[in-house]
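In what follows, a structure is listed as structure tokens, so that the remarks can point back to it.
What follows is calculated from the coordinates using simple rules that are stated; it is not laboratory data. The shown structure was predicted, so the numbers you read here are calculated from the model rather than taken from an experiment. Neighbour counts run over all protein chains shown; Cβ positions are idealised from the backbone, glycine included.
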Amino acid sequence: MTLAEQLDAGTGTTRPPRRRARRKSTALSLTDRIVLLLMVGIPAVVHVALVWVPTIGSIVLSFSEWDGIGGLSDIKWIGTKNYVDVFTAYPRFWPAVAHNLIWLVFLIVIPTAFGLLMAVLLDRKMRFSSIYQSILYLPVVLSLALVGFIWQLMYEPDKGLVNNLIGQVGHINWLGDSSINLYAVLVAAAWRHTGYVMLLFLAGLKALDPALKEAASLDGANSWQTFWRVTFPVLKPINIIVLVVTVIEALRAYDIVFIINRGRNGLELLSILITDNIIGESSRIGYGSAIAVVLLVISLGFIITYLVQVFRKEERS
Amino acid sequence: MTADTLASRLVTAPAPSLTRQGNRLNATRVALHTFLVLTCLVWLAPLLWAVFASFRTYQDTATNGYFSWPRELTFTNFVTAWTQADLPHYFLNTLVITLPAVAITLFFSSMVAFVVSRFSFRFNLTLLMVFTAGNLLPQQVIAVPLYRIYLLTPLPSWLSDSGYLLDSQFGLVLIHVAFQTGFCTFVLTNYMKTIPKELTEAARVDGAGVLRQYWQVILPLCRPALAALATLEFTWIYNDFLWAIVLIQTGDKMPITSALNNLSGQYFTDNNLVAAGSLLAALPTLVVFFALQRQFVSGLTLGSAKG
């Protein structure tokens with residue numbers, strides 16, 4: 001990364017004399033300046049207009065009451081009433097929050113641990129390693145909607161593979177019983193997510209300096225100690241990326257639940273409640289927006305963590 | 001179990017060592033491979049179960065159940081799913097949305113990445129952070145106002161027969177571009193930073209303008225990264241479900257992934273047909289898996305591994 005260091009150094013404060021010389025030699029013509037502006041400007045406008053303007057729109061609309069039928073002039077401003085209603089009077093809200101949290105914890109614990117284990121086991125020269133890797137990450141290319149369909153076939157009470165294998169034909173309604181269906185769906189989501197996590201960890205392990213491990217084993221560390229004391233701490237950047245990817249995945253969860261039962265009966269999620277309030281029979285825009293802001297606040301915490309991690313590295317390198 | 005015999009066959013292939021340590025190593029290796037083979041079998045089970053169901057006839061599974069030895073195997077389910085539900089139509093919809101979306105996303109993000117990585121403007125870091133953060137937002141956060149914006153934005157009728165951004169495939173392309181540009185810009189910026197600055201400087205000295213430096217010097221060098229991102233973005237946009245559900249109202253205009261939801265109620269009346277339809281819809285991504293595995297994996301890890 002010495003090159004990138006040099007490039008980035010240009011933005012830093014060191015080496016003033018050379019910098020001034022370079023600034024002069026890279027003076028841009030007017031045409032070039034306009035071209036550069038367009039090259040950045042058009043994508044930036046599209047991105048900001050369709051991602052950040054609606055984000056702010058969600059925040060603003062969350063303080064309003066609007067059925068969306070009349071024009072913008074019909075919007076009534078009602079302060080924080082939507083939030084109060086959502087927190088106190090919307091029976092599906094707290095279950096949805098709880099399910100999102102369970103989703104989060106489950107995805108962080110199970111697929112991450114299993115993906116890491118698989119990455120460690122497969123990160124060595126051995127036969128068929130690439131075949132094992134391929135099989136484990138095969139579900140990653142499938143859409144979550146399809147994962148929903150595929151696992152519905154697995155979970156059918158009478159005809160599904162799961163009940164037939166454990167000899168409970170017709171007894172366990174995996175997706176219909178609201179006390180277990182969330183976990184049944186989470187197994188399906190984990191099936192897809194593990195491969196992704198494994199790939200990220202494998203990439204991190206490959207980039208690891210082998211000399212580190214050698215030094216540790218020369219010092220008499222066994223492989224367990226080497227992993228927890230040497231490898232894992234060095235993987236910190238990857239750990240954070242895995243964490244953020246997993247959190248975002250958990251907050252975005254939608255498709256699989258929509259396919260199975262549209263997010264009812266034990267499968268309520270914040271994302272489902274939001275779309276229910278805009279494309280459902282009742283169009284309560286302020287309400288949906290208030291829930292969206294709750295989701296936004298939760299996700300921003302993790303997004304900022306990620307940005308700090310990634311761009312601090314950028315500054316350093 | 002077949003898994004055990006398979007595992008032992010796999011691992012006894014290397015000549016067993018005679019020393020005690022060799023034996024212990026061999027035992028660990030047998031255990032390791034047994035564990036891996038079993039895990040892989042479990043991992044493949046859901047897909048294999050769908051494949052199994054899709055090849056069986058309705059009569060067979062209706063009388064014998066799904067957990068039985070098949071009397072006969074058939075392609076009929078695939079043919080029925082393909083023709084009755086008019087799958088080609090939905091594949092075409094997907095194509096019309098996915099190809100422009102991937103192309104424009106890569107075009108946009110490579111331009112931004114070029115500027116950010118080649119020139120030291122003060123806004124560079126802010127811009128990158130805005131893009132990256134935007135890409136990480138859960139889509140549902142912006143769904144409500146976006147739906148309203150789409151409903152209020154008129155489009156010429158040659159772009160959208162609804163007359164608005166809402167319910168138009170053009171609108172879907174736009175939101176995919178807006179969302180995915182963030183991730184691609186981030187990855188491409190890191191990639192372009194590894195290209196020596198001397199290259200563009202030499203081109204500039206030779207009188208090449210900014211556009212030529214971008215198009216003729218930098219872009220050709222980014223081909224591996226662009227290929228990886230194209231593969232990844234194709235898969236992601238192909239797999240998108242939410243945007244079409246929210247922003248498309250006419251079932252006929254839906255891309256295949258979102259259309260499956262309607263089709264499964266209307267046409268896929270039994271599990272064999274659901275399985276066949278699902279597998280057909282998965283086909284393009286499975287092609288990516290088998291043919292473009294290297295690009296897909298490097299695309300996934302490009303963003304995370306150190307640049």
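As a calculated quantity, the FRET efficiency between B:Leu211 and B:Thr250 at R0 = 41 Å, using C-beta atoms, amounts to about 0.55. Using the alpha carbons alone, the radius of gyration of the stretch B:27-124 stands to its Kirkwood radius in an Rg to Rh ratio of 1.29.
Net charge of the neighbourhood of B:Cys222, taken over other residues with C-beta under 13 Å away and scored Lys/Arg +1, Asp/Glu -1, is +3.
Quick one: in chain A, what % of C-alpha pairs are over 33 Å apart? Here the long-distance tail beyond 33 Å is 47 percent of all Cα pairs in chain A. Using only the Cα atoms of the stretch A:209-254, build the gyration tensor, take square roots of its eigenvalues as a ≥ b ≥ c, and label the shape rounded, prolate or oblate: rounded if a/c is under 1.5, else prolate if a/b is larger than b/c, else oblate. The shape class here is prolate.
Normalised by residue count, the stretch A:224-283 yields a Cα convex hull volume of 110 Å³ per residue. Overall size of the stretch B:137-217 from C-alpha positions, given as principal axis extents largest first: 50, 31, 14 Å. Using equal-weight Cα scatterers in the Debye expression, the normalised intensity of the stretch A:35-171 in log10 at q = 0.16 Å⁻¹ is -1.11.
The alpha-carbon atoms of the stretch B:188-279, seen along their principal axes, cover 67, 25, 17 angstrom, with the largest extent given first. Distance from the Cα centroid of the stretch A:73-129 to that of the stretch B:167-220 is 34 Å (rounded to whole angstrom). Taking the helices alone, chain B has a mean residue ellipticity at 222 nm of -23500 deg cm²/dmol, built from -39,500 (n - 2.57) per DSSP H run of at least 4 residues and averaged over all its residues.
Shape analysis of the stretch A:96-236 based on the Cα gyration tensor places the equivalent ellipsoid semi-axes at 36, 17, 14 Å, largest first. Computed over the alpha-carbon pairs of the stretch B:88-266, the distance histogram in 10 Å steps reads 9, 32, 30, 19, 8, 1, 0 percent, short to long.
Once the convex hull of all Cα atoms in the stretch A:178-317 is built, its volume per residue stands at 140 Å³. Can you give the log10 of the normalised intensity I(q)/I(0) at q = 0.20, 0.21 Å⁻¹, computed with Debye over equal Cα scatterers of the stretch B:233-307? One equal scatterer on each Cα of the stretch B:233-307 leads to -0.92, -0.96. Phi angles of the stretch A:287-304 translate, via the Karplus equation with coefficients 6.51, -1.76, 1.60 and θ = phi - 60°, into HN-Hα couplings of 4, x, 5, 4, 5, 4, 5, 4, 4, 4, 4, 4, 6, 4, x, 6, 5, 5 Hz per residue; Gly and Pro are given as x.
Between B:Ser157 and A:Phe227, what FRET efficiency comes out of the Förster formula 1/(1 + (r/R0)^6) with R0 = 60 Å and r the beta carbon distance, rounded to 0.05? It comes to 0.45. Considering chain B, its Cα convex hull presents a mean projected area of 24.0 nm². For the stretch B:30-108 and the stretch B:234-277, compute the distance between their C-alpha centroids and round to whole Å. Cα centres, the stretch B:30-108 to the stretch B:234-277: 14 Å. Subtracting the Cα-Cα distance of A:Asp158 and A:Ile102 from their residue separation scaled by 0.36 nm leaves 17.4 nm. Relative to the Cα centre, the charge distribution of the protein assembly as shown, modelled as +1 at Lys and Arg Cβ and -1 at Asp and Glu Cβ, gives a dipole magnitude of about 2660 debye. Shape annotation for the protein assembly as shown: C-alpha extents along the principal axes are 80, 79, 48 Å, from largest to smallest. When the helices of chain A are scored as -39500 (n - 2.57) per DSSP H run of n ≥ 4 and the total is divided over every residue, the value at 222 nm lands at -21500 deg cm²/dmol. The calculated FRET efficiency for the pair A:Trp94 and A:Ser178, based on their C-beta separation and a Förster distance of 25 Å, comes to about 0.95.
In angstrom, the C-alpha Rg and Dmax of the stretch B:53-108 are 18.3, 56.
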